[in-house]
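Enquirer: I am attaching a structure below and will ask some questions about it afterwards.
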Amino acid sequence: MNDIFEINKKNNSEIIRYTLFSLITVATSKTSDDYAWSSIKNILKKSEKNYHFLQYVAIGDLEDIDHTMEDIKINSDINSIHPRDLGRAIQDIIDSLKTKLGKKAGYFFLDEFKSKLGEEYHSIIKSIGVDLRLIELQQQIGGLRESGYQLKDSKDSNIAFIKRE
């Protein structure tokens, strides 16, 4: 059986813990430790509405944490969730954190995140549906639009941006 559960050598709890800690680590280079940790904590709480299984992920009181990966508590029940569902949640967490950090995140946020994540976890989250290259492309297109470019209407298959007059 070539199921996604068997492809990944890591279970969901390991994937979500390492991914969240990597996001927090990159965010702390853009802002304070407390802001990064509280941002992820708030994003997780809000995301529970769409992803009930995020109730299995907890970050304690900010006054009591040591800012280590062990501060991210994961209930093993999350391991019964299909990895694609976890991937959708991770994708939304990344998007929410980028939005929350705004301009502080900057263009290099995803590059730094990929670097911190490392090849193994980058491959794992890609296998569960989190395509960081696609997120980067969406960010670049958004940047072009903010700079006054728009998608060129064309009947051919090439994509082009032109400067608005």
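None of the figures in this text is laboratory data; all of them are computed from the coordinates on show. Just so we're clear, the structure is a prediction, and the values are computed from it rather than from any experiment. Note: ideal-geometry Cβ built from the backbone for every residue, glycine included; neighbour counts use all protein chains shown.
Enquirer: I want to check the label-to-label distance for residue 127 and residue 76. Put each point 7 Å from Cα in the C-beta direction and report it in nm to one decimal.
Expert: It works out to 2.2 nm between the two label points.
Enquirer: Compute and list, largest first, the equivalent-ellipsoid semi-axes of region 4-130 from the alpha carbon gyration tensor, each √(5λ) rounded to a whole angstrom.
Expert: 21, 17, 13
Enquirer: Step through the table entries 45/98; 73/116; 30/126, compare each Cα-Cα distance with 23 Å, and write down the pairs that go over it.
Expert: Pairs exceeding the cut-off: 30/126.
Enquirer: What distance in nm separates the simple spin-label points at residue 103 and residue 140, each placed 7 Å from Cα in the Cβ direction?
Expert: With each label placed 7 Å out from Cα toward Cβ, I get 2.4 nm.
Enquirer: Right, here's the next one. If R₀ is 35 angstrom, what is the calculated FRET efficiency for the pair residue 48 and residue 111, using the beta carbon separation as r and rounding to 0.05?
Expert: 0.75
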